[in-house]
Amino acid sequence: MTLFPLSPPVPAIASRPDLPPTPQPRRAPDFDFETGRFKFQPTADGKEFVMTDGLTTLRNRIQKILATERYQYVIYTPGFGIEFMGIAQRGLPRPVEVASLMTSIQQSIKYDPDVDLVVVTIVDDTTRYDGITIRIRVSSRGQTFDVLRTFRTI
């Protein structure tokens, strides 16, 4: 007996031979965050992007999320990026600013379909209020990696 008896049965994904049983990792052009440019490789026709996949692609997406202010660019969805400047300009007490920043980071990363788990921790919170270093630990398909990011103006 089904909950909706008039609806046709939905075939299981595993029974469809034209679909892979597990999602394949995304491929994306490799981006150099130090120079602010995509990486290219020479070819006979000119240049083409250096493509990455797996954890390198996911790490690049997370670094891009951390480098983008939420709501600043129309090209991105409202969930992309973090609310760093919005939090820093509110004049909140320091512990509230730090907690808000950590929540913003976790919320922006956890909706990525390749991310299984996100844990955000403080590595170094200077007492002079000139910066904070945060570790973002990401698990994806059984593999884990860390991204360190220092925020200076909070």
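Read-outs throughout are calculated quantities, based only on the coordinates presented, and are distinct from any laboratory measurement. The structure presented is a predicted model; accordingly, all values stated were derived computationally and were not measured. Cβ atoms come from the backbone with ideal geometry, glycine included; neighbour counts cover every protein chain shown.
From the phi angles alone, apply the Karplus equation (6.51, -1.76, 1.60; θ = phi - 60°) to region 135-146 and give each ³J(HN,Hα) in whole Hz, x where the residue is Gly or Pro.
9, 10, 9, 10, 10, 9, 6, x, 10, 10, 8, 10
Rounded to the nearest whole Å³, what is the per residue volume of the convex hull around the Cα atoms of region 25-151?
Numbers: hull volume 15.7 nm³, N = 127.
Convex hull of Cα atoms, per residue: 124 Å³.
Where Lys and Arg each count +1 and Asp and Glu each count -1, what net charge lies around residue 121 among other residues with Cβ under 9 Å from its Cβ?
Result for the local shell: +2.
R0 = 25 Å: FRET efficiency of residue 56 with residue 122, Cβ-based, nearest 0.05?
E(calc), rounded to 0.05, equals 0.45.
Mind checking region 43-133 for chymotrypsin sites (Phe, Trp or Tyr not before Pro) that DSSP puts in a loop (not H, G, I, E or B) and that have at most 10 other Cβ atoms within 10 Å?
73
Using a Cα-Cα cut-off of under 22 Å, which lysines could be cross-linked to residue 47, ignoring same-chain neighbours fewer than 8 residues away?
39
Under 5 Å between amide H atoms, partner at least 5 residues away or on a different chain: which partners does residue 40 have, H built in plane at 1.01 Å?
Sorted by chain and number, the residues that satisfy this are 50.
Using 0.36 nm times the number of residues separating residue 135 and residue 88, minus their current alpha carbon distance, what extension gain do you get?
My answer for the length gained is 15.0 nm.
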